[in-house]
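Single-structure report; data block below.
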Amino acid sequence: MTWTERYATGDTPWDLGGPHPELARRLAAGELDPRRSFARRALVAGCGRGYDAVALARAGWQVTAIDGVADLEPVLAPQLRSLGSEFLVADALAYAPEQPFDLVFDHTFFCAIDVAQRAAHGELTRRALRVGGLCVALVFPVGKPHSEGGPPFGFDAREFSRALGADFELLQDEPVTAPAPGRPWPERWAVWRRAR
Ligand SMILES: C[S@@+](CC[C@H](N)C(=O)[O-])C[C@H]1O[C@@H](n2cnc3c(N)ncnc32)[C@H](O)[C@@H]1O
C-alpha cells in the first residue's frame, strides 16, 4: 500500500493526533528554543499530518515541512502558513534547500523508509543542515530486529549516526520520559551537531 493510500484509508497507526509528547515536553521546558540561539529555520521531512512541525512553528521556528502525500496539503499548508512556515509536497530525500537549516527534526521518517534509503536520508541532512546546526530524532523502534522488516524498520542512534557520516557528533542519546502511547518498541531522544 502506498503512503497516499494509507492516509486515504485511515491506516495510519503512527499518527499520534498531536505532537510527540516528548517533543511537547521539551519545548514546554524551554529546550529547542530558537529565541535563545537566533537559529530559526527547521526542516521536518516526512512530516505526515504535521503535528510536530506545527509545534515547532508555534515555538518560534520557521518550519519547512515536507511530505510526499499531496492529500495532506489542504489542512496542513494553511496551518503552517499562518505560523510563517510552509508545507511542501515533494520527495524529501531529493530536497535541496536554497538556504541551510538550523534544525532537522525526524520523527518516524527514518524508520519509515527502506533501509537501503538510509544513506539518502543522511545525505539530505548533510545538504540541509548548516555547520553547527542540530539534527534531532525520536529514535523508534529501538531494538526491533531488521529481520522483522517494516515499516517501521528498527534502528538506533548508532545506525542513524552511520547514515549521517563523520561530520556529525552525537550529543545526546537517552530514553524518552514522555513516550508515545501504545508503541510496541522503546523510543529514545537523540541529538547530533553538525561539526563541520
Ligand atoms: C510513518 S509516517 C510519519 C509521519 C509523521 N512524521 C508522524 O510522526 O506523524 C512517514 C511519513 O513519511 C512520508 N514519506 C515517506 N517517504 C517519503 C519521501 N521520500 N518523501 C516525503 N515524504 C515521505 C509518508 O508519506 C508519511 O507521511
Next item on the list: With a cut-off of at most 10 other beta carbons within 10 Å, and DSSP calling the residue loop, which GluC sites (Glu not before Pro) in the stretch 63-125 qualify? Please list them.
Entry: Glu98
Notebook entry, point to check: Counting other C-beta atoms within 10 Å, which of His121, His107 has the fewest, and how do the rest follow?
Noted result: His121, His107
Checklist line | Where chymotrypsin sites (Phe, Trp or Tyr not before Pro) fall in DSSP loop in the stretch 1-43, at most 10 other Cβ within 10 Å | finding: Phe38
Note to self: When 1/r is averaged over all different Cα pairs and the result inverted, which Kirkwood radius in Å belongs to the stretch 147-193?
What the structure shows: 12.1
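With a ≥ b ≥ c the root eigenvalues of the C-alpha gyration tensor of the chain, is it rounded (a/c under 1.5), prolate (a/b larger than b/c) or oblate? Could you put the intermediate results ahead of the total?
On the way: a/c = 1.25, a/b = 1.04, b/c = 1.20.
It is rounded, given that a/c, with a ≥ b ≥ c, falls under 1.5.
Given R₀ = 22 Å, what would the calculated FRET efficiency be for Asp114 paired with Glu86, taking r from the Cβ atoms and rounding to 0.05?
Working: r = 27 Å, r/R0 = 1.22.
Step by step, r from the Cβ atoms, then E = 0.25.
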Item checked: Structure-based [θ]222 nm, the chain - -39500 (n - 2.57) summed over DSSP H runs of at least 4, per residue, nearest 500 -> -7500 deg cm²/dmol
Next item on the list: Would you mind pulling out the separation of the Cα centroids of the stretch 149-185 and the stretch 71-99, in Å?
Entry: 24
Notebook entry, point to check: What is the antiparallel percent of DSSP beta bridges lying wholly in the stretch 35-194, to the nearest 5?
Noted result: 40
Next item on the list: Return the distance in nm (one decimal) between the two label points of a simple spin-label model at Asp71 and Tyr95, each offset 7 Å from Cα along Cα→Cβ.
Entry: 2.1
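Show me the chymotrypsin sites (Phe, Trp or Tyr not before Pro) within the stretch 95-196 that DSSP assigns to loop and that have at most 16 other Cβ atoms within 10 Å of their Cβ.
Working: sites: Tyr95, Phe101, Phe105, Phe109, Phe110, Phe153, Phe155, Phe160, Phe168, Trp189, Trp192; in loops: Tyr95, Phe109, Phe110, Phe153, Phe155.
Passing sites in the stretch 95-196 are Tyr95.
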Next item on the list: Please say if the stretch 7-67 is rounded, prolate or oblate, where rounded means a/c under 1.5 for a ≥ b ≥ c the square roots of the C-alpha gyration tensor eigenvalues, and otherwise the choice is prolate for a/b larger than b/c and oblate otherwise?
Entry: oblate
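Laboratory data are not the source of any read-out in this text; all were calculated from the coordinates shown. As the structure is a prediction and not an experimental result, all values here were calculated from the model. Neighbour counts are summed over all protein chains in view; Cβ atoms, including those assigned to glycine, are modelled from backbone coordinates with ideal geometry.
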